[in-house]
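Values quoted throughout were computed directly from the atomic coordinates according to the rules given, and no laboratory measurement underlies them. This structure is a prediction, so every number in the text was calculated from the model and none was measured. All Cβ positions, glycine included, derive from the backbone under ideal geometry; neighbour counts span all protein chains shown.
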Amino acid sequence: MLKIDAHHHFWDYDPVTHAWIDESMAAIQRSYSPADLEPILREAGIEGTVLVQVNQSPEENESFINIANQHSFIHGVVGWIDLRARDLEDQLQQLKTNRKLKGFRHIAQAEAPDFLSRPEIIDGIRKLGRQGYTYDILIKPQQFRASIELVKACDEQPLVLDHIAKPYIREGKISEWKKDMMEMAATEAVYCKLSGIITEADWQQWTPEQIRPYLEVALEAFGANRLMFGSDWPVCLVAGTYKQVVDLIEGYTRQLSEDEQAAIWGGNAVRFYSL
């Protein structure tokens, strides 16, 4: 069974650029590179990855594409681009030569709740789709309404929800988030990453049993054919090891058929990102 980690990061740590890595996340206030990740992947039996943007800059796109071209285990890159740029289509056309660049993401979780439903943002994401690029939706639950408007407006292009929309696992809240997950999943072009989950639980005391109800909602909403595994490494390290993240998803998906497991662990990522 092919295993793909559909969501991880690298960065050259800078306390100003990466101010979001505050003192509560001191464990990851350092740089991370392919040399740090590759042995962990081998140990976990992960054969390929998708490297996802951290900084909102074209310079990072170039850096990540170069890194991916130098390391065969990185099968795809999700970069960043200004969705409101007047020359967006020209920029996308110029990027076409970078075969490992698969899509884009914006840190929408840091924007106003209506950000993803704004006409200029929807128009920009449609332009991505027309040029064959995917879009990663990074939100918190309070931004679900705008995201649902977005996916309805872009109902035929590949979109993926990162981190199951960061539910309030630590607080045990699930009902409103579940309703929104079901509504978003009604648009069949939308996928969902089983990623960034343990960091939404209590970092010191989370258990698989506490997280299981949220995984069940994701499976009920999207089905096995629209879910993909992602580690969110190295962010996940504030709450657990890479192995713990893998073990969490392995433990949950063990109940599924071999075909369903194969889809979640690799097949869906390959199809969605054209890896």
Mind checking which lysines have their C-alpha under 22 Å from Lys127, skipping anything on the same chain fewer than 8 residues away? Lys96, Lys100, Lys102, Lys152
Return the sequence-ordered ³J(HN,Hα) values of region 170-182 in whole Hz as given by the Karplus equation 6.51 cos²θ - 1.76 cosθ + 1.60 applied to θ = phi - 60°, using x for Gly and Pro. 4, 8, x, 7, 9, 5, 5, 4, 4, 4, 5, 4, 5
Reduced Cα scattering model of the chain, Debye log10 I(q)/I(0), q = 0.11, 0.14, 0.16 Å⁻¹: -0.57, -0.98, -1.35
Viscosity 0.890 mPa s, temperature 25 °C: what is the translational diffusion coefficient of region 1-122 from Stokes-Einstein with a Kirkwood Rh over Cα pairs, rounded to a whole number of µm²/s? 154
Two-site label geometry, Asn69 and Arg86: point separation in nm, points 7 Å out along Cα→Cβ: 3.1
Set of aspartates and glutamates near Lys179 by C-alpha distance (under 12 Å), chain-local residues within fewer than 8 positions excluded: Glu220
Reach of Lys3 by Cα under 17 Å, taken over lysines that are not fewer than 8 positions away in the same chain: Lys193, Lys243
I'd like the antiparallel share, as a percent to the nearest 5, of DSSP beta bridges with both residues in the chain. 5
